[in-house]
Amino acid sequence: MVQYIIRRLLAAIPTLLIISFVIFAILDLAPGDPTGNLPMTVPPEVREKIRLSLGLGEPMHIRYYKWLVQFFVNEPLNIIEHSFGIVIGDGENRTRILSWATRSPVIDLIVERTPQTLWVVGLSYVFGILMAIPLGIIQAYRQYSLLDQVGTFVAMIGFSVPTFFTGVVAIIIFSVQLKWFPMIYDTTLEVNSWSNFVLQVKQMIMPVTVLAFYQASQLSRFMRASILDNLNLDYVRTARAKGRQENAVLIIHVLRNSLIPVVTLIALGIPSIFGGAIITEQIFRVNGLGQLLIIAIQGADIPTVQTLTFLFAVLIVIFNLIADVLYGMLDPRIRYD
Amino acid sequence: MRKQILYWISLFAVITMASGSWAADRGRDGELKLLYWQAPSTMMPYLSGGTKELEASSIVIEPLARYDNDGKMWAWLAEEIPTVENGGVSDDFTSITWKIKKGIKWSDGSDLTSSDVVFTYEYCTHPDTGCTQSNYYSDIVSVDALDSHTIQINFTVAKPFPYSAFVGYNAPILQKAQFENCVGAKAQECTEENFHPIGTGPFKVVDFKPNDVVVLEANDLYREEGKPAFSSVLFKGGGDATSAARAVLETGEMHYAWNLQVEPEILNKMAEGGKGTIIAGFGTAVERLMVNFTNPDPALGEDRAEYLGGNNNRNAHPFLSDYAVRRALSLAIDRQILVDAGYGFAGKISCNVLPAPAIYASSANDECKTQNIDEANRLLDEAGWARGSDGVREKDGVRISILYQTSTNSVRQGTQAFVKEMWKAIGVETELRNIDASVFFGGDIGSPDTYQKFYADIEMYTNTFSGTDPEAYMNSWTCKQVARRSNNWGGSNMPRYCNPDYDALAAQMSTTANLDERIRLAKSMNDMLMQDYAMIPLIHRGGVSAFSNIVMGPVGNEWDSELWNIADWHIHK
């Protein structure tokens with residue numbers, strides 16, 4: 001198993017290098033210019049100077065090499081220096097990946113935005129799972145019952161109605177009409193007292209619910225299908241024949257086996273939490289990683305886009321590996337050695 | 001006895017409380033919540049040309065003079081506006097002398113002096129800074145500090161309108177002590193300084209989260225007693241314009257929302273709630289059609305849309321070079337429909353490319369205010385453009401078939417669709433095209449889709465100028481400014497309009513100082529462009545914002561920051 005993990009990790013290195021190059025090349029070849037959003041009163045020669053100051057005067061392979069050094073050497077060194085309070089080499093003059101829009105280190109932007117994304121998107125993922133699993137079990141166990149029909153109907157709505165619709169509907173009902181929750185997420189709120197905690201919960205309810213509803217709709221369908229696959233198998237009949245109670249049959253035998261595909265699915269979905277929920281973040285102004293990415297794309301802020309997409313690629317590769325390993329642990333029939 | 005003491009204490013308390021609300025105390029009104037759906041990415045206006053950054057930084061750092069909502073200039077950090085009359089501007093217009101108000105302090109307690117002003121000039125003009133506002137500091141030989149509070153700016157040329165450096169929100173004063181080590185290439189790396197500039201304005205930055213939120217608090221050292229009324233400002237960004245309007249007009253969560261490009265009917269409906277007020281400010285922005293005077297035919301290869309000059313322009317456009325066609329195209333447009341459908345509060349019909357300041361607005365072109373299909377048809381008939389079997393006019397094998405391009409934007413696409421229908425009524429065929437804004441305005445000389453290359457017959461966008469003096473703007477359409485291969489399409493004359501008479505007026509303007517004479521020249525230049533139909537103006541565009549009815553003060557401003565008078569904003573009692 002350990003050998004397998006090491007082998008996979010080693011194989012990930014060339015994969016990630018290729019991915020980083022492809023992302024860089026695509027962004028470089030794509031049309032768009034960091035000075036494109038400037039007002040037209042800015043004359044062309046000033047624009048050219050701005051481009052040069054951003055480092056666009058150099059050929060592509062040099063810029064790619066610089067980015068590689070910054071990402072794989074300078075930034076990790078910086079993190080180490082920060083967390084251990086030591087100085088390695090010439091820390092002062094080490095260049096960092098700078099965003100073209102904010103002229104600040106991209107990694108700092110990402111660190112600043114991760115908490116609200118994890119809180120909102122991560123929590124909605126947790127709630128989504130917590131809703132989806134019991135719902136899927138009950139739906140499958142009582143197939144074609146009223147509850148199953150209603151559950152399927154709701155899941156289909158959740159599945160097919162986009163969050164930019166449910167989000168706005170939620171705002172109009174709960175913010176505009178009922179005035180229960182704020183429509184603007186306050187990222188400066190610090191949870192240091194009970195009343196602030198209440199405020200934090202209040203401002204999180206709408207985005208989390210909207211996203212959790214969407215996640216739960218997807219997962220509950222998988223859960224339901226997976227349980228249904230297992231319910232008719234021989235081992236279930238055997239368990240029942242042994243005289244085990246129905247609850248035990250369902251929870252101990254069926255659920256464990258049905259969870260195998262669902263757990264891998266959940267693991268594979270975790271990188272998307274870090275990707276943020278672009279649309280939901282925009283609607284509620286959570287301003288997390290998703291909003292950072294979309295603003296960077298709109299403003300042709302290539303270093304930010306490059307770094308963010310590459311980090312997502314890393315996460316996807318890692319969680320793919322985790323999903324594979326989990327699969328082996330949950331299902332004794334699968335062995336990697 | 002005890003009762004008496006209690007009585008005196010309570011009386012004292014009542015008096016102090018009453019006097020507290022009488023004397024307008026700084027910070028008495030609590031938090032002011034501003035919503036800018038396009039969030040500022042830095043607080044350093046010299047490293048970002050975006051309006052959102054200029055707006056955000058304008059409440060912290062200030063220029064010597066500022067424009068109000070009518071485009072009138074007011075001394076801000078300066079004692080007065082220098083003029084020839086008061087001796088501040090030299091008679092030959094080659095230098096201007098500003099005097100800074102005495103006793104102004106930066107929010108860190110140090111004094112504002114002329115060395116800060118000189119430093120700001122050096123900062124922005126350093127070739128490696130990449131200063132986005134460097135055109136505000138052009139034509140300057142030197143900026144000298146005559147004494148601790150006097151600055152003299154010497155120009156390379158005579159500048160009849162010498163107010164661009166250190167004027168308006170594009171060119172505020174930086175603190176030398178803070179940015180001394182951030183000049184040149186270092187400017188990019190001074191993140192801490194760029195995010196927290198020290199200013200002289202009513203508020204100072206406490207916390208800055210790029211593209212998300214700025215937290216500011218009242219500047220205790222602000223020069224005016226009792227101002228600002230608010231103790232802090234929450235400058236929130238993100239989301240979209242519609243929900244920003246909703247947060248002010250429907251839920252009342254925010255006090256002010258900026259740049260509400262929202263469909264007029266939606267905005268009207270929100271305003272009916274009575275929670276807030278919508279304000280529109282009009283500057284010089286005009287949405288116009290640029291008419292291509294050169295032939296954009298791809299078969300021409302390199303010479304496509306290239307101005308070759310010569311007699312009657314050797315590469316003349318096959319049908320747009322005909323005056324009758326250009327005029328007919330303008331007459332056929334019902335501008336009011338375009339305003340109502342796409343702009344609402346944010347638009348008025350315009351027949352001038354120079355619609356403001358009011359003193360410069362010409363009334364000679366008002367013919368365009370009413371649509372006149374019959375006259376347009378008559379003009380085309382007269383000029384020999386006859387309708388073919390498919391209803392499209394043609395002459396000598398040339399069909400009036402227009403490729404009409406603009407940037408991708410739902411309002412613009414709406415306008416395109418309306419104009420296409422209107423032109424159909426006069427037998428003109430139109431093909432619509434839209435290009436992503438970052439490409440269209442991107443200026444990549446390798447791309448064929450930029451507005452500078454103009455590989456189309458008509459293109460539409462908005463242009464404007466900063467400040468209130470139109471000289472540089474009107475210079476955009478001289479022959480020298482024609483966008484062409486030799487200047488990497490860097491010229492500002494997109495129509496490739498070249499008229500010696502126009503150039504003569506421009507040359508005359510550059511040497512004229514008398515205001516009335518300048519007004520006359522600017523108007524006649526505008527009229528020449530309009531009556532030659534080098535451009536077809538459509539809509540005078542304004543900025544729309546909304547503020548909550550509990551706040552007093554916002555008036556909008558298209559000449560400077562919308563927050564220019566934020567020190568005077570207060571809660572309505």
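Quick notes on this one:
- Computed Kirkwood radius, in angstrom, where 1/r is averaged over Cα pairs of chain A: 23.4 Å
- Among the GluC sites (Glu not before Pro) within region B:243-292, those in coil by DSSP and having at most 10 neighbouring Cβ atoms inside 10 Å are B:E272.
- Sorted by Cβ neighbour density within 10 Å, fewest at the top, the residues A:V150, B:V262: A:V150, B:V262
- Cα long-axis angle, helix B:515-531 against chain B (0 to 90 degrees, to the nearest 10): 40 degrees
- When B:T156, B:T125, B:T42 are arranged by Cβ crowding within 10 Å, least crowded first, meaning fewest neighbours, the order is B:T156, B:T125, B:T42.
- GluC sites (Glu not before Pro) within region A:1-92, DSSP loop, no more than 14 other Cβ atoms inside 10 Å: A:E92
- Loop-located trypsin sites (Lys or Arg not before Pro) in region B:283-360 (DSSP state other than H, G, I, E, B) with a sparse environment of at most 14 neighbouring Cβ atoms within 10 Å: B:R314.
- In this Cβ point-charge picture (+1 for Lys and Arg, -1 for Asp and Glu), the protein assembly as shown has a dipole of about 3260 debye about its Cα centre.
- The angle between the Cα long axis of helix B:2-22 and the main principal axis of chain B comes to about 20°, on a 0 to 90 degree scale.
- Considering only B:V167, B:V233, B:A472, and ranking their Cα positions along the charge dipole of chain B that arises from unit charges at the beta-carbon of Lys, Arg, Asp and Glu, the one farthest toward the positive end is B:V233.
- Structure remark: mean-square fluctuation, Gaussian network model of chain A, C-alpha springs under 10 Å; the largest value among A:G89, A:G36, A:G299 belongs to A:G89.
- Calculated [222 nm] ellipticity per residue, helices only, for the protein assembly as shown: -12500 deg cm²/dmol; basis is -39500 (n - 2.57) per DSSP H run with n ≥ 4, divided by all residues, nearest 500.
- Sites A:I270 and B:Q508 - FRET efficiency at Förster radius 51 Å, r taken between beta-carbons, to 0.05: 0.15
- Here the calculated FRET efficiency for B:K424 and A:Y235, from their Cβ-Cβ distance with R0 = 51 Å, stands at 0.10, rounded to the nearest 0.05.
- Charged side chains reduced to their Cβ positions (Lys and Arg at +1, Asp and Glu at -1) give chain B a dipole of some 900 debye around its Cα centre.
- Angle in degrees between helix B:373-382 and the longest Cα principal axis of chain B, rounded to the nearest 10: 40 degrees
- Exercise: per-residue mean of other protein chain Cβ atoms within 10 Å, A:281-292: 4
- For region A:175-326, the residue among A:Q282, A:V191, A:T238 whose Cα projects farthest onto the positive side of the dipole built from Cβ charges is A:T238.
- Kyte-Doolittle mean at least 1.6, axial Cα span of 24 Å or more - DSSP H helices of chain A: A:2-29, A:123-141, A:302-330
- Springs between Cα atoms under 10 Å define the GNM used for chain A, and in it the highest mean-square fluctuation of A:R221, A:R240, A:R63 occurs at A:R240.
- When region B:372-505 is reduced to its Cα atoms, the Kirkwood hydrodynamic radius in Å: 16.9 Å
- Listed residues A:D148, A:D234, A:D33, most fluctuating in chain A (Gaussian network, C-alpha, under 10 Å): A:D234
- Taking the charge dipole of chain B about its Cα centre, with +1 at Lys and Arg Cβ atoms and -1 at Asp and Glu Cβ atoms, the residue from B:T511, B:L112, B:V84 reaching farthest to the positive side is B:L112.
- Couplings 3J(HN,Hα) of region B:288-293, computed from phi: 9, 9, 8, 9, 7, 7 Hz, in residue order, whole Hz [Karplus 6.51 cos²θ - 1.76 cosθ + 1.60, θ = phi - 60°; x for Gly and Pro].
- The amide H of B:V482, built 1.01 Å from its N in the peptide plane, has B:N493 as neighbours under 5 Å, considering only residues 5 or more places off or on other chains.
Values in this text are rule-based calculations from the coordinates and carry no lab data. Here the structure is a predicted model, which means the values were calculated and not measured. Neighbour counts run over all protein chains shown; Cβ positions are idealised from the backbone, glycine included.
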